[in-house]
Number of protein chains: 2
Amino acid sequence: MIQNLVDSIANHRAKIGILGLGYVGIPLAQRINEVGFPVLGLDVSAERIEQLNSGQSPIKHIPHQAIAAMRNSGFEATGDFSRAAECDALIICVPTPLNKFREPDLSFVTATMDSIAPYLRAGQLLSLESTTWPGTTDEVLLPYVTDAGLTPGRDFFLVYSPEREDPGNPNFHTRTIPKVVGGHTQACLDVGSVLYSAFIDRVVPVSSTRAAEMVKLLENIHRSVNIGLANEMKIVAERMGLDIFEVVDAAATKPFGFTPFYPGPGIGGHCIPIDPFYLTWKAREYGLHTRFIELAGEINAAMPDYVISRLVSALNARQKSLAGAKVLALGIAYKRDVDDMRESPSVFVMERLREWGALVDYSDSNVPVFPRMREHQFDLKSVSLSPEVIASYDAVVLLTDHSDFDYEMIRDNARLLIDTRGKYRGQVAENISRA
Amino acid sequence: MIQNLVDSIANHRAKIGILGLGYVGIPLAQRINEVGFPVLGLDVSAERIEQLNSGQSPIKHIPHQAIAAMRNSGFEATGDFSRAAECDALIICVPTPLNKFREPDLSFVTATMDSIAPYLRAGQLLSLESTTWPGTTDEVLLPYVTDAGLTPGRDFFLVYSPEREDPGNPNFHTRTIPKVVGGHTQACLDVGSVLYSAFIDRVVPVSSTRAAEMVKLLENIHRSVNIGLANEMKIVAERMGLDIFEVVDAAATKPFGFTPFYPGPGIGGHCIPIDPFYLTWKAREYGLHTRFIELAGEINAAMPDYVISRLVSALNARQKSLAGAKVLALGIAYKRDVDDMRESPSVFVMERLREWGALVDYSDSNVPVFPRMREHQFDLKSVSLSPEVIASYDAVVLLTDHSDFDYEMIRDNARLLIDTRGKYRGQVAENISRA
């Protein structure tokens, strides 16, 4: 059983099913297809399936031709989950968000498992890549496998291997980012390692699926806490008349023991604001309180209000109220040079601006039209920038430091420029305020 | 005035006074002497002066011959502070501890300034290297200078340049660790940069002494918070049956966005447990509360008790109480391969062991005799290790992972081994407990 699967992986004949075709699933499918495996993509969105099957990329940083190339070399997307039976390996890459009580929402994972449960069969490998609490693979996935009459480690292989995608990172991509793998049994780990080694440069085996689950949470907790610390230090530095960006830059010259993290208008994206609370939730079961995670969450979530307070104060010094002021938000994606709006702090800032009675516009060439979002609605299109446009606003607020902004032109024409990204660090000018 | 001083630095004729001959002052004096400057060391300890003048090193990681070499090439130590007048540059390297209310104790700095105040003269540079709150140079040092009738930037030069010594670091030393410098005026910064550039590879100028003061605090706050997070994660991981060292090691394979920090029995040394509270204290003046610093302080300070709780629990499982148990502490210096006991968490663990009624010994070849300490007293000598010695204790607790311990021998002979350093990570054995 194990030898058949290992052999079919070794000769790249194993069919790999990718469940969930988004920011994680698509680059993974692309990489696996690249080394010659037949790849079947499974998703619930008919729109997404059609888009991919017609060779179109739904993600800005993945070019259409990459998708077209996949299609030409055997990649296929489908909504028919019975075809999971065709696959020798199934890799789950669906989102794991929080519900509104900040508790894990595993519904995408369980819906996926419900859909493929009838088609699980002996000789398959199942890997979960979605970020989740330590214990998920055991507690949530394993019952599906045993209910199907299968025994992990004997006739089925169950692993957890956290995705580490970093959209827009120019230095690392799917193949070159080491992949942590934990197995339900040693045989599971062995087969999982064989699979991932077939298309990823370095596989890092750990002792259990729970350890692998914890690894991913720790990575994102580390980021959340360090950004939270940078944000708290920003507020202290500002009150002391110091520029935190200058301070972090100088500290970063220490060649050991210090890694720079920069403050900003809050944290965004699908990972950092969310993942840490998976541990918080699970720790409660053990009677433990994850205090760093909660402090970071609290401070980071308060940053949009801090930006507003700095804007209100700067306008006030000009005898203006925020109510009635024309304000332009620069950059609404959650980080530089991506089009991803998930959990973007810019949107929280825009909502507060609206609540305060400001007249809000935005400019972001990555997001030409403000998208439909579950919890946020703006009927806006991206404003094209020119000296006249910039000068027509009472204030412009730099929220996401995309590389295609003309920073000099913005600075030279803004009546008031609130810089949340340290883009103008070291520059002292009457129209620039840090936030 | 400025040109004279710059010239005398350029031709290495300027006499450099180092005030405070300890972990920072000695390596600095050594480096400055190495490039050919005459160096005068000033200290209040007659014992220290005699030791240095007779070519002996008071610090383990600095060899006697290095001190002897300095002596032979013009270094001299003295307790006569009137000789500050001879110096063209004065560099203060005295300790800045906390008092028992966790408030800054600047008494070493002010005592030094009191001693040299009568001898300050036109044409001198004064640099403070001691870690301290943003504003110290302005608030504490500047008045001495102006009271002497001198004007910084015109006939006197005042800078702050934080020390970044890392005793025992094999990769970086005084010359190769970039040096941040902030000046009271631009001319002060210019002269300060000229001085430090004469013996340090890279000087990093910042916009003010306050910015430079904040840089050093941020570096150590970063460490304190990240170690605090690692310690909190250790407790959570332990309860979930995971080994935090395995988890951190695996997370460290992520090639971006993650820097490994490891948990331990607490934090020690003269920097990390102390420096962050300088900012906490100063922030209060601005009505701000530094929550990450205080959380880290609280969690790190609780680690010795955590170690005890793990030991009590492991002994309990063997039907033993800690009272009456023979316990050996392995490693009492605050970190690996140094002899520095300042704020060592091992000492806190040893004190608690004694309070609980254990019979405590220790082994640490770096510290043959338990030193006189202001707040801790043990009449003990380091125990030599052998299989029989190890086996004679009810428990051995690894607190500082010195490289000269025979870890296999210890493991093979210990009845119970509490590992606070992850030295035995991945090893499962009945006699090993993580803490």
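Condition first: assigned to a loop (DSSP other than H, G, I, E, B) and surrounded by fewer than 18 Cβ atoms within 10 Å (Cβ to Cβ). Can you find one or more residues in segment A:343-355 that meet it? No, every residue in segment A:343-355 fails to be assigned to a loop (DSSP other than H, G, I, E, B) and surrounded by fewer than 18 Cβ atoms within 10 Å (Cβ to Cβ).
Within segment A:238-259, no residue that is over 14 Å from B:Lys179 (Cα atoms) and free of Cβ contacts under 8 Å to residues at least 12 places away in the same chain sits with its Cβ atom under 7 Å from a residue that is surrounded by 19 or more Cβ atoms within 10 Å (Cβ to Cβ) and among the hydroxyl-bearing types (Ser, Thr, Tyr) at 6+ positions apart or across chains. Kindly indicate the residue of segment B:196-220 that is among the β-branched types (Val, Ile, Thr) and more than 7 Å from chain A (Cβ to nearest Cβ) and also farthest from B:Leu279 (Cα to Cα) among those meeting that condition. Restricting to residues being among the β-branched types (Val, Ile, Thr) and more than 7 Å from chain A (Cβ to nearest Cβ), the top hit is B:Ile200. The residues on offer are A:Ile235, A:Ile227, and the sole one that is modelled with pLDDT of 95 or more and within 10 Å of another protein chain (Cβ to nearest Cβ) is A:Ile235.
In the set A:Asn169, A:Asn220, A:Asn226, only one residue is touching a residue at least 24 places away in the same chain (Cβ under 8 Å) and farther than 19 Å from B:Glu219 by Cα; that residue is A:Asn220.
Note on segment A:356-378: residues that are touching a residue at least 24 places away in the same chain (Cβ under 8 Å), of a type in the set (S, T, N, Q) and not in a strand (DSSP E or B) amount to 2. Restrict the check to segment B:411-428 and report whether at least one residue is under 30 Å from B:Thr96 (Cβ atoms), of a type outside the set (Lys, Arg) and not assigned by TED's automatic domain parsing to the domain that holds B:Met233. Yes, segment B:411-428 has at least one match. Could you look through segment A:242-262, keep only residues that are facing chain B (nearest Cβ under 7 Å) and not in a helix (DSSP H, G or I), and pick out the one that is farthest from the chain's Cα centre (by Cα)? It comes out as A:Leu242. Each residue in segment A:398-435 was checked for being in contact with a Gly (Cβ under 9 Å, 6 or more places away or on another chain) and either in a strand (DSSP E or B) or of a type in the set (Gly, Ala, Ser) (or both), and 3 pass. Here the condition is being surrounded by 20 or more Cβ atoms within 10 Å (Cβ to Cβ) and more than 16 Å from B:Gly17 (Cβ to Cβ); of B:Thr131, B:Thr146, it holds for B:Thr131 alone.
Based on this model, can you work out whether A:Ser193 counts as within 14 Å of chain B (Cβ to nearest Cβ), within 19 Å of A:Gly135 (Cβ to Cβ) and among the small types (Gly, Ala, Ser)? First the steps, then the outcome.
Values: within 14 Å of chain B (Cβ to nearest Cβ): yes; within 19 Å of A:Gly135 (Cβ to Cβ): no; among the small types (Gly, Ala, Ser): yes.
No.
Yes/no per residue for (1) at the interface with chain B (Cβ under 9 Å from one of its Cβ atoms); (2) among the hydroxyl-bearing types (Ser, Thr, Tyr):
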{"position": "A:Leu279", "(1), (2)": "yes, no"}
{"position": "A:Ala301", "(1), (2)": "no, no"}
{"position": "A:Tyr306", "(1), (2)": "no, yes"}
{"position": "A:Val312", "(1), (2)": "no, no"}
{"position": "A:Gln319", "(1), (2)": "no, no"}
{"position": "A:Ala323", "(1), (2)": "no, no"}
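The values are calculated or read from the model by the stated rules, or taken from the named source; none is laboratory data. The structure displayed is predicted, hence computed values, not measured ones. Note that we place each Cβ from the backbone using ideal geometry, even for glycine, and neighbour counts take in every protein chain shown.
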